[in-house]
Amino acid sequence: MKSRISRRNFILGGSAVVAASAMPGIPGTPFSSPVSLMRSALAQDVIPKPDSVIRMNANENPWGPSRVALRAIYAAIEEANLYSFLTNDMKALMSEQQDIGVEHISVGSGSGELLKMGGLLASMQEGSIVVPDPTFEDLPRYAENAGTDVIRVPVSRNMDTDLEAMASAIRSDTKLVYLCNPNNPIPSIIEKNALRDFILEVSRDRLVFLDEAYHEFVDNPDYSSMMDLVREGRRNIIITRTASKIHGLAGLRVGFAYSHPDLATEINNKLTGQLNIIGMRAAMASYQDKEHSNFVLRTTKESLDIVESYLREAGINHIKSNANFSFIETGHDIEEVQARFLTENIQVGRPFPPFRNWARVSMAKPDEMRYFVQTYKKLYG
């Protein structure tokens, strides 16, 4: 089902405006940021300070749900009195799209619930887990709170996930190894052949949990999803995906895990979250709306090009992004950076120790990223 929104209009702050340089096929959404930074305004040398804060701190999709998903949301509001019994329908759709049997699939309240499930599985027996440092903390934090020993392995000097060091950190009591690919807050990838060899070796004796939340954004020949290992029936491997990022459904909480059928059954039996009918209807619609996903990819690439071009020209150290965010060495303590950007109505990412002088910056809309570059020059140029 294709979006039929006007090719010349998109919505910002609930008001329809004509974008002088709007890209063909831009699907509008009333959940877009209430900040109007049209190209017409950019005819001036200085981009005006926006009226409200631009969120560049949570790796969210700035465009929100697609028009197709919004129609599904509006229709589902009338079903809000009903419990959601759509899990089998969702599994059937994911089975078709991922070319994998439904018996491999778990559906959770966001991938966050499934990450916590990994932490739960690891903590059911005394032992340890091994994770890169820094990385996304939902799984290791949950496991640590449950009493599991978390072994954090620093990234390499190039800020890549260090597979050799992680392998060396594995102990006889290690129950799970967690990898986020691309990583977060560092938007680096793990080379596909090295990752495959690592997973095949490590999963012989313990769980390997691979978080692919940013899979759709990667455009790098050195990257590959490891979904084929699950399709082959390999045991001890869990891969998670999410509707939060490219589909813009972070607030509606729908995520997926793919694993061996025996492991999927165990996960499904232990899930504690509650899926809601609005989120499920929205996700089912959005996963069939390729136009919106392609648009998000195009505009994210444009935003990254704006930021990374400036960083290269200015000689500012940063990690080339394989996701929808940048990681930038500012040379200043991140709490100071956060405070100074907030005075200009921009929120940037929280501290990620030990990289206290680095800022994670989520990609907003291209014109908003031009304002970010202008502000960076103003504050630290």
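The values are calculated or read from the model by the stated rules, or taken from the named source; none is laboratory data. All values reported here derive from a predicted model rather than from experimental measurement. Quick reminder, even Gly has a Cβ in these numbers, built from the backbone with ideal geometry, and neighbours come from all protein chains shown.
Summary of computed values
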{"read-out": "Where Leu271 falls short, out of the listed (1) without any contact (Cβ under 8 Å) to a residue 60 or more places away in the chain; (2) farther than 24 Å from Glu216 by Cα", "value": "(1)"}
{"read-out": "Residue identified as assigned by TED's automatic domain parsing to the domain that holds Ser188 and within 20 Å of Gln274 (Cβ to Cβ) among Ala75, Ala165, Ala80, Ala169", "value": "Ala80"}
{"read-out": "Yes/no for Val155 being buried (at least 16 other Cβ atoms within 10 Å of the Cβ) and farther than 27 Å from Glu329 by Cα", "value": "no"}
{"read-out": "Hits in the stretch 341-381 - residues which are of a type in the set (D, E, K, R) and surrounded by 15 or more Cβ atoms within 10 Å (Cβ to Cβ)", "value": "Glu344, Arg360, Lys365, Asp367, Glu368, Arg370"}
{"read-out": "Hits in the stretch 188-244 (condition: acidic (Asp, Glu), assigned to a helix (DSSP H, G or I) and closer than 30 Å to Arg298 by Cβ)", "value": "Glu216, Asp228"}
{"read-out": "Gly233 vs. criteria in contact (Cβ under 8 Å) with a residue 24 or more places away in the chain, crowded, with 19+ Cβ neighbours inside 10 Å and among the small types (Gly, Ala, Ser)", "value": "no"}
{"read-out": "Tally of residues being at pLDDT 95 or above and among the acidic types (Asp, Glu) across the stretch 24-50", "value": "0"}
{"read-out": "Selection count where residues are of a type in the set (Ser, Thr, Tyr) and surrounded by fewer than 17 Cβ atoms within 10 Å (Cβ to Cβ), scope the stretch 121-152", "value": "0"}
